[in-house]
1. Being more than 17 Å from K96 (Cα to Cα) and surrounded by 19 or more Cβ atoms within 10 Å (Cβ to Cβ): is that true of Q7 here?
2. Looking at the range 1-22, I want the residues that are under 17 Å from Q63 (Cβ atoms) and have a partner that is β-branched (V, I, T) and away from ligand 2 (no atom under 16 Å from the Cβ) with Cβ atoms under 7 Å, at least 6 apart or on another chain. Which pairs are those?
3. Given the criterion within 16 Å of ligand 1 (Cβ to nearest atom) and among the aromatic types (F, W, Y), identify the matching residue among F183, F198.
4. Out of (1) farther than 20 Å from V147 by Cα; (2) within 11 Å of ligand 1 (Cβ to nearest atom), the odd one out for A56 is which?
5. Identify all residues within the range 29-47 that are crowded, with 16+ Cβ neighbours inside 10 Å and either within 13 Å of ligand 1 (Cβ to nearest atom) or on the phi > 0 side of the Ramachandran plot (or both); write none if there are none.
6. Could you check, for the range 158-179, whether at least one of its residues is within 16 Å of ligand 1 (Cβ to nearest atom), more than 16 Å from the chain's Cα centre (by Cα) and β-branched (V, I, T)?
7. Restricting to helices (runs of 4 or more DSSP H) lying wholly in the range 109-211: which have 1 or more residues that are within 16 Å of ligand 2 (Cβ to nearest atom) and under 26 Å from P28 (Cα atoms)?
8. Filter the range 44-55 for residues that are closer than 24 Å to A17 by Cα and of a type in the set (V, I, T); which is farthest from ligand 2 (Cβ to nearest atom)?
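The values are calculated or read from the model by the stated rules, or taken from the named source; none is laboratory data. Small disclaimer: the values here were computed from a predicted structure and weren't measured. Heads up, the Cβs are rebuilt from the backbone with ideal geometry, glycines too, and the neighbour counts pull from every protein chain shown.
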Amino acid sequence: MNPQFTQLTLRAELQSALSKAGFSRMTPIQLQSLPELLAGKDVVAQAKTGSGKTLAFSLAMLQSLVVQASHIQGLILVPTRELANQVAEEVRKLAKDLGNVKVLTICGGEPIGPQISSLEHGAHVVVGTPGRVEEHLFKGTLDLTQVSHFTLDEADQMLEMGFVDAIENIAVYLPPARQTMMFSATYPKDIEQLSARFMQSPILVKGETET
Ligand code: ADP
Ligand code: MG
């Protein structure tokens, strides 16, 4: 059996959230990636769908989140609105014991006005689709200058959907001193190239891959 989360040096508020959610043992990809992520390394993680990737990058981000600071500290890019909602829910659940952590979804196909007012009220974490995040950056309605954790979830799908230019444009707005995490079900050549552009000596970890 895989080791338990209690073996990781996670803040107590995250350990309690994990046990309340009923998560006790790490999945293979969590076991491989979390020690590297918690050490602050850039990580490219490849593992099949359903292997628990969301929990891995969410824990790494929340471990160093400062609730008292109201600026955006985590940016998670995802390919679709459905996934944005799902990821935001999981982050909120894990963050419950940390206090009032504000997680916003910023996706295309929705009116931009309400997103602008939500952003004006401040957020700790933004989960969004690349096109709309880019649009806010160009308009000056999204401040990513203090992001410490940048995640690309379902990176292979985002590339397939043609989001590469948007991702490149977004990266320009992020501080160079940050942790970058890339999660993908597959590891094609273009993912490798993308990681070389955005990440600092990334560590490649593999869980169970698609057969
Ligand atoms: P992926 O992004 O790799 O496709 P998800 O992060 O969506 O997978 O996780 C798939 C499911 O597994 C979710 O319902 C999640 O809550 C659950 N899960 C994640 N980690 C664990 C764990 N360590 N123990 C039990 N269930 C877990
Ligand atoms: Mg996923």
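1. Working: more than 17 Å from K96 (Cα to Cα): yes; surrounded by 19 or more Cβ atoms within 10 Å (Cβ to Cβ): no.
Answer is no for this residue.
2. These pairs meet every condition: Q15/T6.
3. Values: F198 fails: within 16 Å of ligand 1 (Cβ to nearest atom).
Matching residue, one of F183, F198: F183.
4. Going through the list (1) farther than 20 Å from V147 by Cα; (2) within 11 Å of ligand 1 (Cβ to nearest atom), A56 breaks only (1).
5. Result: I29, Q30, L31, Q32, S33, L34, A45, Q46, A47.
6. no
7. Numbers: elements: 112-120, 130-139, 155-160, 164-172, 189-198.
Counting at least 1 such residues, we get 155-160, 189-198.
8. Of everything passing the filter in the range 44-55, T49 is farthest from ligand 2 (Cβ to nearest atom).
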